[in-house]
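Single-structure report; data block below.
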Amino acid sequence: MLNQVIHWIQMIGAVVDGLLLLRVLTLKLHRIYAFLTLFCVVEFIFDIADWSLGWDSRATERIFFYSLFLYALLFPLMAWDVFEELPKQILRLRRAFGVRLVTGVFVSALFGLLVYATFDDREVNGTSVVSEMTGMVLWTGSTSAGLAFVWSLYRLLRKQKIQTPHNTSVWAKFYLLSLLSSVIYFALLFFTSSITELQRNIIAIGFLGFDLGLTGWCIARLRALPSQNTPATETADA
């Protein structure tokens, strides 16, 4: 029963992801937020692939694990992209915090290489165990670096009462909450081996519902890019 609920939520999520992509393209946000737009495209493509192959199929599981390598590269680029609408005089803050972002990505890549070179490889149901472990290490390190970058810079902007463009605030909250939700979800699944199948399904429903609501909120809150004649006070986040 709960499996069917999960599948329905996943199908609704695929539609909502498509609406987010449509919203970004309609508002012409892709002109500035290239990597965030790429994320929307990738998410929608993976949703369609999972839907067509079957949500519980082995092929879908392989897509998930190998997608970790793509997201490990994409998440830091998205983190950098979040602040693209900031005025030029403030962008120097992004460059200063970018050193930490690059360092975090480099360290995670180094750990990934160590995992790949150290552990003996074997296949389980046609998938390399070492590749899965390496993907998880890269994904975790990349996600942590991106979260730290966005949170630190966004908190500094708020602390110094620097007005941020409306979409910058929306993307920052969407990025932080969606990635933090994913990290908590995977931590619960991988480090709580004693939970039952019923508990696992309930946790999945909770997190899928949260992601669905967050994406819907992002769709509703995004705005078109301001024209050059629009005062900054009208486009800044309240």
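The values are calculated or read from the model by the stated rules, or taken from the named source; none is laboratory data. Computed from a prediction, not measured in an experiment: that's the story for all the values here. Here the Cβ positions follow ideal geometry from the backbone for every residue, glycine too, while neighbour counts run over all protein chains shown.
Would you check if there is a residue in region 187-204 being under 20 Å from ALA14 (Cβ atoms) and crowded, with 18+ Cβ neighbours inside 10 Å?
Yes, that holds for at least one residue.
Are any of the residues in region 83-92 outside any helix (DSSP H, G or I) and in contact with a Pro (Cβ under 6 Å, 6 or more places away or on another chain)?
Yes: region 83-92 contains one or more residues that are outside any helix (DSSP H, G or I) and in contact with a Pro (Cβ under 6 Å, 6 or more places away or on another chain).
Please list, ordered by first then second residue, the pairs with beta carbon atoms under 8 Å, 6 or more apart or interchain, first in region 49-63 and over 20 Å from ASN201 (Cα atoms) and surrounded by fewer than 15 Cβ atoms within 10 Å (Cβ to Cβ), second of a type outside the set (D, E, K, R) and modelled with pLDDT under 90.
Pairs found: ALA49/THR60; ALA49/ILE63.
Return the total of residues in region 153-184 being under 19 Å from ARG92 (Cα atoms), among the β-branched types (Val, Ile, Thr) and either assigned to a helix (DSSP H, G or I) or without any contact (Cβ under 8 Å) to a residue 60 or more places away in the chain (or both).
So the count comes out to 1.
Being touching a His at 6+ places or on another chain (Cβ under 9 Å) and assigned to a helix (DSSP H, G or I) is true for just one of VAL15, VAL42, VAL5, VAL24. Which residue is that?
VAL24
Testing ALA117 on (1) in a helix (DSSP H, G or I); (2) modelled with pLDDT of 80 or more; (3) more than 19 Å from the chain's Cα centre (by Cα), one condition comes back false. Which one is that?
Condition (2) is where ALA117 drops out.
Taking region 1-31, which residues are out of contact with any helix residue (DSSP H, G or I) (no Cβ under 8 Å at 6 or more places or on another chain) and touching a residue at least 24 places away in the same chain (Cβ under 8 Å)?
Residues satisfying the conditions are HIS7, LEU27, LYS28, ARG31.
Can you tell me which residue is modelled with the lowest pLDDT among those in region 181-197 that are small (Gly, Ala, Ser) and more than 15 Å from PHE65 (Cβ to Cβ)?
Top of the filtered list is SER193.
If you go through region 148-172 one residue at a time, how many are under 20 Å from THR37 (Cβ atoms) and either small (Gly, Ala, Ser) or under 11 Å from the mean Cα position of the chain (by Cα) (or both)?
3
Test of understanding: among SER178, SER227, which residue is within 23 Å of VAL82 (Cα to Cα) and over 17 Å from the mean Cα position of the chain (by Cα)?
SER227
One residue is enough: does region 87-106 have a residue meeting the conditions modelled with pLDDT under 85, within 23 Å of SER182 (Cβ to Cβ), of a type outside the set (Ser, Thr, Tyr) and surrounded by fewer than 13 Cβ atoms within 10 Å (Cβ to Cβ)?
Within region 87-106, one or more residues are modelled with pLDDT under 85, within 23 Å of SER182 (Cβ to Cβ), of a type outside the set (Ser, Thr, Tyr) and surrounded by fewer than 13 Cβ atoms within 10 Å (Cβ to Cβ).
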